[in-house]
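K.L.:
Shown below is the structure under consideration.
The values are calculated or read from the model by the stated rules, or taken from the named source; none is laboratory data. All values derive from a computational prediction rather than experimental measurement. For neighbour counting, all protein chains shown are included, and Cβ atoms are generated from backbone atoms with ideal geometry for every residue, glycine included.
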Amino acid sequence: MVSGASDAALARQSIDAVQRRVVKVLAAAQVFGGIGAAAGAAVGALLAADLATESLSGLSSTASVIGTAFIAVPVSRVMNDHGRRPGLLLAYAIGVGGALLVVLGAILGFFPVALAGLFLTGGGYAAGLQSRYAAADLASPDRRGRDLASVVWATTIGSVLGPNLADPMGNLAERIGVPSLAGPYLLTVCVFIIAGALISIFLRPDPLLLAHSIRAESTGIAEPARRRNVPLLEAFVYIRSIPAASLGLMSMAIGQSVMVAVMSMTPVHLKHGDADLRIIGFVISGHITGMYIASPLVGWAVDRFGRRPIIILGGVILLAAFMIAGTASGHQSLQLGVGLFLLGLGWSCTLIGGSTLLTESLPADERASMQGAADLLMGISGAAAGLTAGLIVGLGSYAMLNVVTILLVVPLIILAVRHGYRVAPEPV
């Protein structure tokens, strides 16, 4: 008995050592992936306006968001069949191809080519989102939230560095005969390649494949040669049938929707208050800081206090954000900055709490493909919210938009409070 317990402890220590390596590799790749994503995002709208018209500038972010959502599906299916590493490599390869298309579209002065490229750059974003799931594959239940959050936090570095590199990359592009606004996408190509190389070389053993092998060994059930990829509709029906998974997905989708809606219209609200680009940049930077800076603390809290309480806390923080931002005029940039910081913090809680809850609630053999379906819904929800937000502000006001987002978050809080889900973690 003692020998068996000792062997189990040694096995867990070995798995924990592999897991620490996995998280470090994923976080390092996420830094470079975040640089590429943020550098492109900094100039995407300007490039669209330059190649087409200002009225179509919003299509740049919309195309990337929708691309991220749809690319997550084939990427997750590759992961389900062959492991995390091939799936992440596919996502980064799609992102590289997309960035090259954007550069080509800028050189040709042909917006449809650039727009197709913007859609495909979503592969880089999809890789970042799927990396958080990869960080949870081998994690012990008491560290799952922290490990997932560590990879989310690594995005902070890229989000800060990326926009600051846009100007020097624009200058470099002009020197080699490429339009300056396409310069950041040359950077995107380089850093996505670096991120892919890190995954290819160092993400060994593959965390998902190892998790399947460990589970098969512990249960005595032979690991299937090919795991089933669950069709999208079936995946959503299955997630809906599991209360904990349903809450996790609802937390992710609603958090993403309200965050995109309010964040996307805040610069417009500030501009109506005669704020200059420096003030607008300060407020949005504060928002991005709120999204990522507290991720390690949020992950610790998810493990310490539970997934559901942090989802509830995220919902409450979001309500506070809407009340603070929604009552501010376009001239009150400080109040809007506080509201947008809280918006990012609330989103972090709903994303990390929801992702952790969803992951551990799904069957291991079909988990990866269902995670892709979940990210598809989250992405579509965010894109739809971004498009709808403009209509709401146009027909009503920025304050009305915040009232609508309150109406979306309240049901999430009520559902999480009413159902104290307790998830039995799988042995890993």
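K.L.:
Among I284, I324, which is the only one that is hydrophobic (A, V, I, L, M, F, W, C), within 27 Å of V151 (Cβ to Cβ) and in contact with a helix residue (DSSP H, G or I) (Cβ under 8 Å, 6 or more places away or on another chain)? Can you show your working first?
P.N.:
Details: I324 fails: within 27 Å of V151 (Cβ to Cβ).
Checking each option against the conditions leaves just I284.
K.L.:
Residues being under 21 Å from the mean Cα position of the chain (by Cα) and among the small types (G, A, S): count how many of those fall in the stretch 150-199.
P.N.:
Here the count works out to 8.
K.L.:
Of the residues that make up the stretch 128-141, is at least one outside the structural domain of D365 (by TED's automatic domain parsing) and more than 25 Å from R21 (Cα to Cα)? Show your work before the answer.
P.N.:
First pass over the stretch 128-141, keeping only residues outside the structural domain of D365 (by TED's automatic domain parsing): 128-141.
Next, from what is left, pick out any that are more than 25 Å from R21 (Cα to Cα): none.
No - not one qualifying residue is present in the stretch 128-141.
K.L.:
What number of residues in the stretch 349-366 are in a helix (DSSP H, G or I) and surrounded by fewer than 21 Cβ atoms within 10 Å (Cβ to Cβ)?
P.N.:
Restricting attention to the stretch 349-366, the residues satisfying the condition of being in a helix (DSSP H, G or I) are 349-361, 364-366.
When the remaining residues are screened for being surrounded by fewer than 21 Cβ atoms within 10 Å (Cβ to Cβ), the result is 364-366.
Total satisfying the criteria: 3.
K.L.:
Do you know which of the residues in the stretch 156-182 that are more than 24 Å from I293 (Cα to Cα) and of a type in the set (S, T, N, Q) is surrounded by the most Cβ atoms within 10 Å (Cβ to Cβ)? Don't jump to the end; show me each part of the working.
P.N.:
The first filter runs over the stretch 156-182 and keeps only residues more than 24 Å from I293 (Cα to Cα), leaving 167-182.
Still in the running and of a type in the set (S, T, N, Q): 171, 180.
Details: N171: 10, S180: 20.
Across the stretch 156-182, the extreme among qualifying residues is S180.
K.L.:
Another one. Against the conditions (1) under 21 Å from L89 (Cα atoms); (2) over 22 Å from the mean Cα position of the chain (by Cα); (3) touching a residue at least 60 places away in the same chain (Cβ under 8 Å), where does A106 fall short? Just the number, please.
P.N.:
Condition (1) is where A106 drops out.
K.L.:
Just to be sure, is S218 closer than 21 Å to G83 by Cα, among the hydroxyl-bearing types (S, T, Y) and at pLDDT below 90? If you could, list the steps in order and put the result at the bottom.
P.N.:
On the way: closer than 21 Å to G83 by Cα: yes; among the hydroxyl-bearing types (S, T, Y): yes; at pLDDT below 90: yes.
When the stated conditions are applied, S218 passes them.
K.L.:
Does D375 satisfy being modelled with pLDDT under 85 and either out of contact with any helix residue (DSSP H, G or I) (no Cβ under 6 Å at 6 or more places or on another chain) or surrounded by 14 or more Cβ atoms within 10 Å (Cβ to Cβ) (or both)? It would help to see each step written out before you state the result.
P.N.:
Working: modelled with pLDDT under 85: no; either out of contact with any helix residue (DSSP H, G or I) (no Cβ under 6 Å at 6 or more places or on another chain) or surrounded by 14 or more Cβ atoms within 10 Å (Cβ to Cβ) (or both): yes.
Criteria not met by D375.
K.L.:
Continuing with the same structure: In the stretch 355-370, is there at least one residue being out of contact with any Phe, Trp or Tyr (no Cβ under 9 Å at 6 or more places or on another chain) and of a type in the set (D, E)?
P.N.:
Checked the stretch 355-370: at least one residue is out of contact with any Phe, Trp or Tyr (no Cβ under 9 Å at 6 or more places or on another chain) and of a type in the set (D, E).
K.L.:
State whether the residues of the stretch 95-116 include one that is out of contact with any strand residue (DSSP E or B) (no Cβ under 8 Å at 6 or more places or on another chain), within 24 Å of V22 (Cβ to Cβ) and not assigned by TED's automatic domain parsing to the domain that holds H287. Lay out the reasoning, then the answer.
P.N.:
Our first condition is that a residue be out of contact with any strand residue (DSSP E or B) (no Cβ under 8 Å at 6 or more places or on another chain); within the stretch 95-116, this holds for 95-116.
Checking the rest, the ones that are also within 24 Å of V22 (Cβ to Cβ) come to 95-96.
After this cut, where a residue has to be not assigned by TED's automatic domain parsing to the domain that holds H287 as well, the list is 95-96.
Within the stretch 95-116 (the criterion being out of contact with any strand residue (DSSP E or B) (no Cβ under 8 Å at 6 or more places or on another chain), within 24 Å of V22 (Cβ to Cβ) and not assigned by TED's automatic domain parsing to the domain that holds H287), the answer is yes, since at least one residue qualifies.
K.L.:
Also: Tally up the residues in the stretch 107-139 that are in a helix (DSSP H, G or I), touching a Gly at 6+ places or on another chain (Cβ under 9 Å) and of a type in the set (A, V, I, L, M), please.
P.N.:
Residues that pass the stated criteria total 11.
K.L.:
Could you grab the pairs with beta carbons closer than 7 Å, sequence gap of 6+ or different chains, first residue in the stretch 150-176 and aromatic (F, W, Y), second one modelled with pLDDT of 80 or more?
P.N.:
W153/Y292; W153/S295; W153/P296
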